[in-house]
Amino acid sequence: MATPSAAQLIAASEKMIPSLVERAPADEANGMVCRATVDEIVQHGLLRVCQPKRYQGWEMPFSTLAQIVVNLARGDHSVGWIYGLFALHSHHLAMFDDRAQRDVWEADPDAIIASSYSPYGKAISGAQGGYRLSGSWPYSSGCDHGDWFFVGGLVDGDQAKFRTFLVPKEYVSIVDDWHVFGLKATGSKTIVVKDAFVPDYRSVPFGPDTEDFEFPGFAVNTEPRYRAPYLVVFNRGVTAVSIGSLQAMIDAFVDYNRRKVSMITGKAVAELPDALEAAGEAVALIDQLKILAIHDLEALERYAAERNRFSPATVNLFRYRAQVAGQQCLKAAQALYELVGGGGLYETLPISRIYRNLISAGNHPATAVWRATLRQVGSDAFGAPTTRPTRF
């Protein structure tokens, strides 16, 4: 596959929007993004955005990933969601020992890695050259498409030894328990691993305390952006989905109300001040959030290239701005939804699905902890010792 430009990848994702809009209702009913969509993502080379060039990847800037996520989420929140995670997982794998990268990408450069990073696994040390791993992890988005899995666990029950483990799908069973209010098509089911052997080289420490850790992958992947704090980039990747989804909400709101007359005022909805203000604020917010996201992502890359240490206060600020973006999108979507009236109740319209997805996205750790991070930003301003308020 010839190396595409960032503009070509972004354009390819934009061209997918109409088909994603069309498939979204069926995907939601089926509880997972269809294989046809995943195949298109692979065929367009979108999965390789964060992948090292050594393994036929593109090593694109983070801003390219964010713009692709926004486009795909505009078509369907769930597609943007699983794509963003899959692509971010390639970035994370690049931080692992080269043997782990080779295990995944040498046979298939388009291999998909799903995950559930929460430390629900129990890893027993002492196994020859590795760990014995068992556990049950909920919320593994896109797991039906996974070839490999990142799962979180504590080594020997020690809270200070929070690690990520890479396991092949042969060790993983999927529990069909994803029957939920929103994000239905993400297929974020529970995965189970029973007494699997994980070699040492397929595990790395995880969490905010690893931001200055010298990951083994840095020895072979010298592109500076791999040194950017993974959790900050992860936060941005997840909340970029909400930006695209808010744009989908605007699209649906405008389409539904373009010719509608208010039953209360008898005037065209498109002329009502409340509708115009809500739509205008949403449009302006999207523009602001895109600009800020690109600014922060480029700043992360610049700091990494200069080999500057990321101060804890800087990381907290960047994490907060990423985390709160999802809440800002939800608030704007709520204002639009409240102006739709009874029509917003019908499942034949996309509005209710988009709104439910945005509500549900706000419960993900990448955005739900924004208040805790904000309090830490305030504490930093007072010069108090900086701490990490959460694991994500």
*Name the pairs: first residue in region 254-268 and within 20 Å of GLU281 (Cβ to Cβ), second residue hydrophobic (A, V, I, L, M, F, W, C) and part of a loop (DSSP other than H, G, I, E, B), Cβ to Cβ under 7 Å, at least 6 apart or on different chains?*
TYR256/VAL340; TYR256/LEU349; SER262/LEU272
*Qualifying positions in region 328-375 - under 21 Å from GLU22 (Cα atoms), under 24 Å from the mean Cα position of the chain (by Cα) and of a type in the set (Val, Ile, Thr)*: ILE351, ILE354
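Which is among the aromatic types (Phe, Trp, Tyr), in the same structural domain as TRP148 (by TED's automatic domain parsing) and surrounded by fewer than 18 Cβ atoms within 10 Å (Cβ to Cβ), of PHE197, PHE218? Walk me through how you get there before you give the answer.
Details: PHE218 fails: in the same structural domain as TRP148 (by TED's automatic domain parsing).
Only one candidate passes the filter, namely PHE197.
Does PHE213 satisfy the condition of being assigned to a loop (DSSP other than H, G, I, E, B) and not assigned by TED's automatic domain parsing to the domain that holds SER78?
Working: assigned to a loop (DSSP other than H, G, I, E, B): yes; not assigned by TED's automatic domain parsing to the domain that holds SER78: yes.
Taking the combined requirement at face value, the residue satisfies it.
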*Options THR367, THR373: the member that is modelled with pLDDT under 95, in contact with a Lys or Arg (Cβ under 7 Å, 6 or more places away or on another chain) and buried (at least 18 other Cβ atoms within 10 Å of the Cβ)*: THR373
*Which of the residues belonging to region 173-210 are of a type in the set (A, V, I, L, M) and either at pLDDT below 95 or outside any loop (DSSP other than H, G, I, E, B) (or both)?*
ILE174, VAL175, ALA185, ILE191, VAL192, VAL193, ALA196, VAL198, VAL204
*Look through TRP137, TRP81, TRP58 and report the one residue that is assigned by TED's automatic domain parsing to the domain that holds PRO199 and either modelled with pLDDT of 95 or more or surrounded by fewer than 20 Cβ atoms within 10 Å (Cβ to Cβ) (or both).*
TRP137
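Give the residue that is surrounded by the most Cβ atoms within 10 Å (Cβ to Cβ), with candidates limited to residues of region 295-312 that are of a type in the set (D, E, K, R) and at pLDDT below 85.
ARG309
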*All but one of (1) farther than 20 Å from PHE215 by Cα; (2) among the hydrophobic types (A, V, I, L, M, F, W, C); (3) at pLDDT 95 or above hold for ALA107; which doesn't?*
(3)
*Would you please name the residue that is farthest from LYS53 (Cα to Cα), looking only at residues in region 224-243 that are aliphatic (A, V, I, L, M) and touching a Phe, Trp or Tyr at 6+ places or on another chain (Cβ under 7 Å)?*
VAL241
*Can you spot a residue in region 118-136 that is part of a strand (DSSP E or B), within 26 Å of ALA36 (Cα to Cα) and of a type in the set (A, V, I, L, M, F, W, C)?*
no
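Hey, can you tell me all the residues within region 201-212 that are surrounded by fewer than 16 Cβ atoms within 10 Å (Cβ to Cβ) and either closer than 17 Å to VAL315 by Cα or over 22 Å from the mean Cα position of the chain (by Cα) (or both)? Reasoning before the result, please.
Here is the first cut: in region 201-212, the ones surrounded by fewer than 16 Cβ atoms within 10 Å (Cβ to Cβ) are 205, 209, 212.
Those that are surrounded by fewer than 16 Cβ atoms within 10 Å (Cβ to Cβ) and either closer than 17 Å to VAL315 by Cα or over 22 Å from the mean Cα position of the chain (by Cα) (or both): ASP209, ASP212.
When region 118-128 is examined, which residues are found to be touching a Ser or Thr at 6+ places or on another chain (Cβ under 9 Å) and either buried (at least 24 other Cβ atoms within 10 Å of the Cβ) or modelled with pLDDT under 95 (or both)?
Taking region 118-128 and keeping what is touching a Ser or Thr at 6+ places or on another chain (Cβ under 9 Å), we get 120-124.
Result: GLY121, ALA123.
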*Determine which single condition GLU223 fails, assuming it passes every other condition in (1) farther than 18 Å from LEU65 by Cβ; (2) more than 16 Å from the chain's Cα centre (by Cα).*
(1)
_Any residue that is of a type in the set (S, T, N, Q), touching a Ser or Thr at 6+ places or on another chain (Cβ under 6 Å), under 30 Å from VAL192 (Cα atoms) and not assigned by TED's automatic domain parsing to the domain that holds CYS143 - is there at least one of those in region 29-37?_
no
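The values are calculated or read from the model by the stated rules, or taken from the named source; none is laboratory data. Everything numeric here is computed off the predicted structure, so don't read it as measured data. In this analysis, Cβ positions are derived from the backbone assuming ideal geometry, glycine residues included, and neighbour counts consider all displayed protein chains.
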